[in-house]
Amino acid sequence: GNSVTQMEGPVTLSEEAFLTINCTYTATGYPSLFWYVQYPGEGLQLLLKATKADDKGSNKGFEATYRKETTSFHLEKGSVQVSDSAVYFCALNRRNQFYFGTGTSLTVIP
Amino acid sequence: DTGVSQNPRHKITKRGQNVTFRCDPISEHNRLYWYRQTLGQGPEFLTYFQNEAQLEKSRLLSDRFSAERPKGSFSTLEIQRTEQGDSAMYLCASSLDGSPRTQYFGPGTRLLVL
């Protein structure tokens with residue numbers, strides 16, 4: 001079947017720290033992979049995506065590389081800001097369905 | 001482009017009552033999805049429309065749930081005889097055809113069943 005596993009949170013970092021949120025997936029075939037972000041009180045927003053192996057998605061300083069050999073799509077940012085505090089969801093798209101991880105809450109403190 | 005909108009944003013109802021939610025997708029998007037999200041979890045797929053056709057339904061969608069998209073534009077999700085376990089955030093998303101099918105989410109409707 002298709003599923004996504006994310007590292008459990010919550011994660012608390014100091015401003016300018018390095019961020020990694022792990023995501024691994026199980027899928028039949030060749031899924032597309034996504035990271036969505038949900039800021040407090042807001043809906044889910046697409047952060048970045050990758051459609052095939054070795055693609056790197058990037059946006060707002062965040063990056064994730066589609067690793068087929070390790071079935072992973074880890075989210076990274078070199079220097080987090082207080083405004084990055086949110087819940088981050090890893091997701092995969094296979095055929096007509098999307099499968100989401102449980103989300104990882106990130107809090108960045110000044 | 002005004003984004004995906006959902007109404008109402010909040011709904012409180014008593015157990016046993018029926019509720020209906022509305023989703024207006026981005027105007028040119030032909031695909032529309034409904035999800036349910038409970039606290040501490042990611043969105044769970046409920047159903048999906050391509051234009052007016054409902055093409056997939058999750059087994060989570062019991063017979064008390066029904067969704068329509070009569071003209072291929074807005075969609076409604078109705079829950080009959082609500083139960084306390086139906087309390088959740090109901091999310092709508094839309095996308096274009098093509099790959100990848102990047103979804104754009106609405107703000108959600110938060111349902112509380114008392």
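The values are calculated or read from the model by the stated rules, or taken from the named source; none is laboratory data. Since the model is a prediction, treat every value here as computed from it, not as a measurement. With ideal geometry, Cβ positions are generated from the backbone for all residues, glycine too; neighbour counts draw on all protein chains shown. To get the accessible areas, we keep the full protein, side chains included, count just its heavy atoms, and leave off ligands, DNA and RNA. Shrake-Rupley method; radii C 1.70, N 1.55, O 1.52, S 1.80 Å.
Quick notes on this structure:
- Total residues in region B:68-114, condition outside any loop (DSSP other than H, G, I, E, B), out of contact with any His (no Cβ under 9 Å at 6 or more places or on another chain) and more than 30 Å from A:T51 (Cα to Cα): 10
- Meets criteria (of a type in the set (D, E, K, R), under 20 Å from B:N7 (Cα atoms) and more than 14 Å from every other protein chain (Cβ to nearest Cβ)) for B:E44: no
- Within region A:1-34, if we keep just the residues that are buried (at least 17 other Cβ atoms within 10 Å of the Cβ) and of a type in the set (G, A, S), the residue that is nearest to the chain's Cα centre (by Cα) turns out to be A:S32.
- Of the residues B:R69, B:R64, B:R81, the single one that is open to solvent by less than 40 Å² (accessible area, probe 1.4 Å) and more than 13 Å from the chain's Cα centre (by Cα) is B:R64.
- Test: B:S62 is more than 9 Å from every other protein chain (Cβ to nearest Cβ), within 24 Å of A:G1 (Cβ to Cβ) and among the polar types (S, T, N, Q): yes
- No other residue among A:L47, A:L92 is within 22 Å of B:V4 (Cβ to Cβ), in a strand (DSSP E or B), open to solvent by less than 50 Å² (accessible area, probe 1.4 Å) and in contact (Cβ under 8 Å) with a residue 60 or more places away in the chain apart from A:L92.
- Selection from region B:96-111 of residues that are more than 9 Å from chain A (Cβ to nearest Cβ) and either free of Cβ contacts under 8 Å to residues at least 12 places away in the same chain or surrounded by 13 or more Cβ atoms within 10 Å (Cβ to Cβ) (or both): B:L96, B:G98, B:T109, B:R110, B:L111
- Checked against (1) within 10 Å of chain A (Cβ to nearest Cβ); (2) part of a strand (DSSP E or B); (3) open to solvent by 20 Å² or more (accessible area, probe 1.4 Å); (4) touching a residue at least 24 places away in the same chain (Cβ under 8 Å), B:Q6 meets all criteria but (3).
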